[in-house]
1. Looking only at the range 74-84, which residues are touching a Phe, Trp or Tyr at 6+ places or on another chain (Cβ under 7 Å) and either open to solvent by 10 Å² or more (accessible area, probe 1.4 Å) or without any contact (Cβ under 8 Å) to a residue 12 or more places away in the chain (or both)?
2. With respect to residue 223, determine if the residue is within 24 Å of residue 102 (Cα to Cα), buried (at least 19 other Cβ atoms within 10 Å of the Cβ) and at pLDDT below 95.
3. Report those helices (runs of 4 or more DSSP H) wholly inside the range 228-307 carrying at least 3 residues which are out of contact with any Asp or Glu (no Cβ under 7 Å at 6 or more places or on another chain) and more than 30 Å from residue 81 (Cα to Cα).
4. Any residue at all in the range 85-96 that's in contact with a Gly (Cβ under 7 Å, 6 or more places away or on another chain), more than 21 Å from residue 293 (Cβ to Cβ) and open to solvent by 20 Å² or more (accessible area, probe 1.4 Å)?
5. Could you say which residue among 169, 201 is out of contact with any strand residue (DSSP E or B) (no Cβ under 6 Å at 6 or more places or on another chain) and either on the phi > 0 side of the Ramachandran plot or surrounded by fewer than 16 Cβ atoms within 10 Å (Cβ to Cβ) (or both)?
6. Restricting the range 338-363 to residues that are assigned to a helix (DSSP H, G or I) and touching a residue at least 60 places away in the same chain (Cβ under 8 Å), which is least open to solvent (accessible area, probe 1.4 Å)?
7. I'd like to check something: does the range 127-144 contain any residue that is under 20 Å from the mean Cα position of the chain (by Cα) and small (Gly, Ala, Ser)?
8. Pairs, please: C-beta under 9 Å, at least 6 apart or cross-chain, first residue at negative phi and among the aromatic types (Phe, Trp, Tyr) and in the range 180-198, second in a loop (DSSP other than H, G, I, E, B) and open to solvent by less than 10 Å² (accessible area, probe 1.4 Å)?
Amino acid sequence: MRQVYLDYSATTPVKEEVLREMIPYFTEHFGNPSSLYTMGLESKEVLEQARARVASLIGAQSGEIYFTGCGSEADNWVVFGTADALKHKGNHIITTKIEHHAMLHSCNFLEKQGFAVTYLDVEPDGTVNPQKLEEAIRDDTILISIMLVNNEVGTVEPVEALSAIAKKHGILFHTDGVQALGNVPIDVKKMGVDMMSLSAHKIYGPKGVGALYVRKGLRISNYLYGGAQEAGRRAGTENLAGIVGFGKAAQLAEKNFERHVSHCREMRDYLIERITSEIPDVFVNGSMKHRHPGNANITFKYIEGESILLLLDSKGISVSTGSACSSKSLEPSHVLTALGVPVEMIHGTVRFTTGDFTTREDIDYTVDQLKEIVSKLRELSPVNGEKGW
């Protein structure tokens with residue numbers, strides 16, 4: 001059976017060039033980077049090379065990159081590290097209703113500890129209104145965190161304008177850049193952000209390694225305590241092979257950026273064009289003007305997205321009904337809820353995301369199967385377009 005993968009926002013395959021560079025650091029060059037003998041010093045050297053590669057991809061300095069276990073850890077570090085470091089200045093945090101759960105759940109926890117959190121509404125296309133952000137700022141606001149690219153609908157936020165507002169008021173600004181990395185241009189200096197969360201497995205690198213960019217001169221409290229790794233700011237023996245893989249993936253992402261974005265956008269637009277022209281009663285969620293190049297978040301009226309997913313899977317096609325981290329939840333997507341999509345239509349939504357290995361033949365096969373699946377499900381549905389929900 002043909003296999004088609006259209007869930008690149010959930011994770012990506014490790015590219016062969018990345019894997020080849022990683023393998024020696026499992027078996028031959030396995031020294032601990034903190035050791036002072038030759039093998040350890042060699043490991044330290046390649047770790048720093050990887051750090052420089054990741055920094056280059058986002059326009060940062062090497063010393064501003066701190067490796068973590070994942071993007072979620074980086075988000076947690078920002079929330080708890082900032083709250084602890086600046087609690088003497090205030091206890092108010094601003095974020096949005098469409099953030100990744102790594103941010104939302106961390107903020108929920110802080111609320112139980114007495115912190116105040118404002119969750120900003122978004123426009124129908126998923127963008128944050130800068131004026132609404134400025135209106136939410138208080139004298140005791142210590143952190144603003146707004147993601148650069150939404151993981152469900154792909155909307156790209158006006159982070160440069162938002163961070164400028166934070167800077168005007170002397171407030172730290174963090175952005176979750178996990179979905180943005182390698183997919184939209186990133187220059188942390190131009191954007192004016194103080195911190196940015198990153199992850200390797202979204203750019204054809206390995207799972208289990210992420211990073212946090214922290215602007216030079218900024219100090220927040222540590223999240224993990226123990227040894228003096230990562231300049232004394234994140235304890236634990238480094239995942240050397242994973243970090244090497246992250247570095248190589250970042251190098252490839254920077255080198256191939258234009259080609260990658262162009263290909264993903266071409267495949268996405270072809271997918272959207274075929275679906276919207278050949279399947280009735282569908283609509284695309286999120287901004288089409290400011291959007292992740294591979295994201296197509298589409299609602300199919302009158303049927304369940306989970307049924308579509310399972311039937312596509314039976315044909316060898318992998319898609320998502322929401323973000324990968326919450327796809328097992330029965331709760332409606334918090335992102336689509338914030339965009340104002342009716343709950344019954346939220347449950348009819350599927351997220352398709354294209355990547356470097358997506359072909360037109362993949363799209364044709366997917367849409368051909370999708371047309372049959374949607375038709376059959378609507379025949380079985382207790383509602384139809386005439387009756388409405």
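1. 76, 80
2. Details: within 24 Å of residue 102 (Cα to Cα): yes; buried (at least 19 other Cβ atoms within 10 Å of the Cβ): yes; at pLDDT below 95: yes.
Yes: the conditions hold for residue 223.
3. 257-278
4. Looking for residues that are in contact with a Gly (Cβ under 7 Å, 6 or more places away or on another chain), more than 21 Å from residue 293 (Cβ to Cβ) and open to solvent by 20 Å² or more (accessible area, probe 1.4 Å), one finds at least one in the range 85-96, hence yes.
5. Checking each option against the conditions leaves just 169.
6. Among those residues, the one meeting the criterion is 363.
7. Step one: list which residues in the range 127-144 are under 20 Å from the mean Cα position of the chain (by Cα), which gives 127-128, 143-144.
Add one more test, that the residue is small (Gly, Ala, Ser), and what stays is none.
Checking the range 127-144: not a single residue is under 20 Å from the mean Cα position of the chain (by Cα) and small (Gly, Ala, Ser).
8. Partner pairs satisfying both residue conditions: none exist.
The values are calculated or read from the model by the stated rules, or taken from the named source; none is laboratory data. Not measured: the values here are computed from a predicted model. Positions of Cβ are backbone-derived with ideal geometry, glycine not excepted, and every protein chain shown enters the neighbour counts. In case anyone asks, the SASA skips ligands and DNA or RNA and just uses the protein heavy atoms, side chains included. Shrake-Rupley method; radii C 1.70, N 1.55, O 1.52, S 1.80 Å.
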